[in-house]
1. Say each of residue 767 and residue 565 gets a label point 7 Å from the Cα, pointing the same way as Cα to Cβ; how far apart are those two points in nm?
2. Using the Cα centre of the stretch 619-748 as origin and beta-carbon charges of +1 (Lys, Arg) and -1 (Asp, Glu), tell me which of 695, 644, 730 is placed farthest towards the positive end of the dipole.
3. Please give the contour-minus-distance gain from residue 132 to residue 256: 0.36 nm per residue of separation, less the Cα-Cα distance, rounded to one decimal in nm.
4. How far apart, in nm, are two points set 7 Å out from the Cα along the Cα-to-Cβ line at residue 470 and at residue 530?
5. How big is the charge dipole of the stretch 684-727 about its Cα centre, in debye rounded to the nearest 20, if each Lys and Arg gets +1 on its Cβ and each Asp and Glu gets -1 on its Cβ?
6. Return the distance in nm (one decimal) between the two label points of a simple spin-label model at residue 123 and residue 188, each offset 7 Å from Cα along Cα→Cβ.
7. Percent of accessible area on the stretch 214-273 owned by carbon and sulfur, 1.4 Å probe?
8. Can you grab the distance from the C-alpha centre of the stretch 685-750 to the C-alpha centre of the stretch 805-838, Å, no decimals?
Amino acid sequence: MTPKRPLWKRLFSFFRKSSLDQDFSSELAAHIDLLTDEYISAGLPPAEARRQAGIKFGGVESARELHRETRSLPWMETLSQDLRYTFRTFRRDPAFVIFATLIIGLGIGGTTTVFNVINALLVRPLPFKDPQTLTYLTNGSGEKGSSDATFMVGYLLDLRKQTHSFSDVAGYFAFYNIGDNKLLGQGEPERLTGVPVSQNFFPLLGVQPEIGRGFSDEEAKFNGPGAVMLSHRIWEKRFASDPHIVGQQLRINDNVCTVTGVLPASFDFGAVFAPGTRVDLFFAFPLSEDTNRWGNTLALIARLKPSVTVEQAQAELDILSPQFRREHPKWNDLNFRTTKLQQHVSGQLRPALLMLGSAVFVVMLIVCANLSNLLLARGATRQKEMAIRAALGAGRRRLIRQMLTESMALSSLGAIFGLILALAGTKLLTHLDALSIPLLTDVRIDGPALGFTILVALGSGLIFGLAPALHVPLATVHESLKENSRGSSDGRDHAWLRRALVVSEIAFACVLLVGAGLLIRSFLHILDVNLGFAPERAATIRIDPSNDKYKTQEQRNGYFNEALRLVKEIPGVSAAGLTDVLPLGTNRSWGVCPKNKVCQDNKDYTDGFVRIVSDGYFGAMGVPIREGRDFTPNDIKGSEPVLIINEHMARDVLPGQDAVGKYIFVDDPKIARRIVGVVGDVRHLALEKDGGDEFYVPMRQTQDFGSVGLVVRTDLPPKSLAADVRKALLPIEPNLATNEFRTLQQIVDKATSPRRFVVILLAGFAAFALILASLGIYALISYSVSQRTQEIGIRMALGASAGDLQKQILLQTLGLTFIGLAIGFTVSWIGARYITSLLFGVKAGDPITFIAMVAILILVAAVAGFLPALRASRIEPMQALRTA
């Protein structure tokens with residue numbers, strides 16, 4: 001058997017036959033010679049080996065003819081050839097394909113999910129008729145609760161008569177509460193949330209009942225016949241989609257109401273106007289003198305006339321506001337402000353959503369950089385393959401097309417996986433009732449989402465495949481063999497690009513980590529604020545007394561006394577109290593005036609948030625009493641009018657005075673209430689806002705409240721507590737519904753849910769980016785070590801220690817890391833200024849966040865570089881040289 005020629009002779013023969021002119025015939029002849037040598041080494045005689053090699057390549061003329069035929073093939077058939085070749089290469093390297101698919105899929109899945117949320121909240125029109133003409137009206141800034149944002153009924157009626165900008169104006173009662181309505185006589189008693197609306201509310205929105213009709217004129221009158229419209233969800237859930245439900249009578253809160261219609265499934269009041277709340281029923285709200293005396297109660301929606309802009313409408317309202325105040329000097333203050341309904345619904349979330357959109361864009365850039373790096377490393381091992389294809393006649397464009405086909409195929413596989421993840425994520429989001437985010441139930445995978453997914457897949461495939469595709473054809477056959485021969489060093493044109501990609505990954509990861517770190521620290525500051533109450537081990541349930549059985553205030557007070565007594569006797573209950581409104585819920589304000597001050601009109605009064613509570617409420621809530629006393633069961637109708645104020649109000653209304661014992665007028669200028677106590681401030685509006693002026697009126701001295709919630713402090717589990725409360729109250733409340741039983745912690749969690757949603761998503765993207773950056777560093781250093789195996793063996797044979805090698809490789813890793821950090825740090829420092837509105841208790845340039853994120857990246861990079869360095873230091877010199 002003829003011995004195999006030495007490698008240097010084979011390379012010399014190859015380089016001689018494939019000279020710089022790169023003639024097609026000489027390139028092919030060189031490959032035939034190489035293949036002949038392979039056959040000889042396998043044991044074939046030289047003549048037979050030459051013949052088999054010629055058959056394998058089919059001869060020069062046949063190869064040329066094949067190349068000409070390939071060029072003349074239709075593009076679909078050429079694409080089919082490229083795809084078949086692509087999937088053959090995938091079968092040879094399944095681990096790489098799976099890894100790349102997972103990375104792309106995770107990136108595209110997260111990107112598509114965030115796009116669906118942004119599309120639903122900011123891009124897709126509201127699910128109403130001509131939503132671009134709908135506006136939302138507020139009375140002032142709305143920063144002082146619902147009373148500051150709502151209107152008197154009379155103002156709505158006047159606006160309808162005198163406006164030239166709006167074709168119609170409608171409203172809904174803004175002071176409804178969750179579970180206000182108890183449904184009886186249809187199985188188990190159930191608490192349902194109902195919203196009173198003006199008669200024209202649904203026609204103005206363009207919402208038509210799926211079955212039945214809207215409210216009639218008679219039903220919209222004060223004390224008119226009871227009528228109710230059902231949401232589609234409650235119609236399906238409670239009434240099994242009964243097609244004959246219209247006309248049936250329901251017993252709601254001891255009143256009989258006739259079902260007039262069922263709203264379509266596409267209409268979700270809570271998703272638009274009350275995020276995180278499921279609204280089940282709708283009643284007709286009467287626009288009359290009687291309801292006008294209730295004060296500011298209505299939230300208003302208006303429809304612009306054709307060709308009228310919001311700015312023009314606001315200009316008219318600026319004229320009407322002082323005119324209405326002059327016409328009705330005894331009515332509440334008025335200051336019309338109007339915005340697009342879409343902006344009102346999701347405008348506050350716009351900065352956070354745009355930040356999330358930017359984050360997923362950065363994540364996809366990191367994904368592309370990571371995969372581009374992997375494809376470059378993989379392409380380096382395929383240089384010989386590409387050179388042979390070039391020798392067979394494949395031109396530059398043909399090779400680029402083949403490489404891009406492979407990257408597009410990888411991206412498409414990842415897009416399929418990502419779309420599955422996006423479907424799961426979207427379904428999860430639509431069922432998260434605890435998230436107080438508008439239009440979340442409208443998030444879905446639709447045509448635009450599919451188009452976006454395809455666009456991202458094609459774009460990412462092009463981005464991460466372009467650099468490897470452009471790089472491969474640049475090398476000649478002999479250069480490819482030089483750079484890919486075992487023991488050679490890494491090609492210079494390969495190395496700089498891979499290092500640049502790793503630097504970009506580190507920079508992008510730094511930007512994401514800093515942004516996530518700032519929001520996380522901000523969120524932790526919110527969780528650390530003093531709420532003014534203790535949500536732990538406290539729960540609440542509605543226990544409104546029946547209007548038929550408890551008609552007078554004395555009877556209702558007796559009900560409250562007995563309810564508190566029975567609940568306090570439950571083992572494990574340490575405190576119990578009653579309230580008309582819980583923190584972080586609906587808020588209303590009354591005018592406040594000290595007795596020694598002359599308050600002639602509404603402008604002289606100070607607005608204060610009013611809470612109607614019973615004795616024991618402060619203990620059940622964990623609200624500290626700073627001065628004076630709590631309410632007692634003796635603070636009833638006919639006794640001295642009293643109230644308790646918070647510390648903020650004591651400083652604001654009675655500065656420098658001992659508040660206990662002073663008298664204050666609240667709402668009624670004829671009745672002065674004596675302050676019997678001062679309690680700590682409670683954050684009723686939001687966790688980010690101070691409580692403001694608040695005062696508490698004893699529940700037994702007034703009937704000016706719409707609902708009653710029982711607050712219980714206990715060590716019992718919530719589920720068992722609900723059953724125990726229902727059992728304890730059975731003697732006085734046989735129809736108590738427990739489906740609205742909630743812990744105070746759930747209420748707090750719901751209030752923080754929008755921030756938590758953004759923080760969790762951004763933190764997840766940042767963690768993903770950190771993992772990708774560490775993988776990029778590890779892959780680069782590992783590849784560099786593998787390419788330098790012979791060099792490392794020689795250095796160790798000459799006396800280099802393992803520590804010296806590790807130090808050198810770690811310095812190389814940290815050098816790249818510091819370059820990326822310098823870029824990322826600068827971009828983060830500039831970009832942090834644009835998210836100031838999302839921060840609480842943290843400055844945009846917070847040094848702790850920047851230092852912590854930089855330290856994390858350095859640590860991760862050091863670990864990623866140390867592992868290959870450790871492996872390199874364990875190389876046996878003789879084995880490395882022998883292998884090379």
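1. Here the modelled spin labels are 5.4 nm apart.
2. Toward the positive end, the furthest listed residue is 730.
3. Here the answer is 40.8 nm.
4. It works out to 6.1 nm between the two label points.
5. That gives a dipole near 420 debye.
6. Inter-label distance under the simple model: 4.2 nm.
7. 47
8. Answer, in whole Å: 50.
The values are calculated or read from the model by the stated rules, or taken from the named source; none is laboratory data. What you see is a predicted model, and the numbers here were worked out from it, not measured in a lab. Positions of Cβ are backbone-derived with ideal geometry, glycine not excepted, and every protein chain shown enters the neighbour counts. The accessibility values were calculated without ligands, DNA or RNA, using every heavy atom of the protein model including side chains. Shrake-Rupley method; radii C 1.70, N 1.55, O 1.52, S 1.80 Å.
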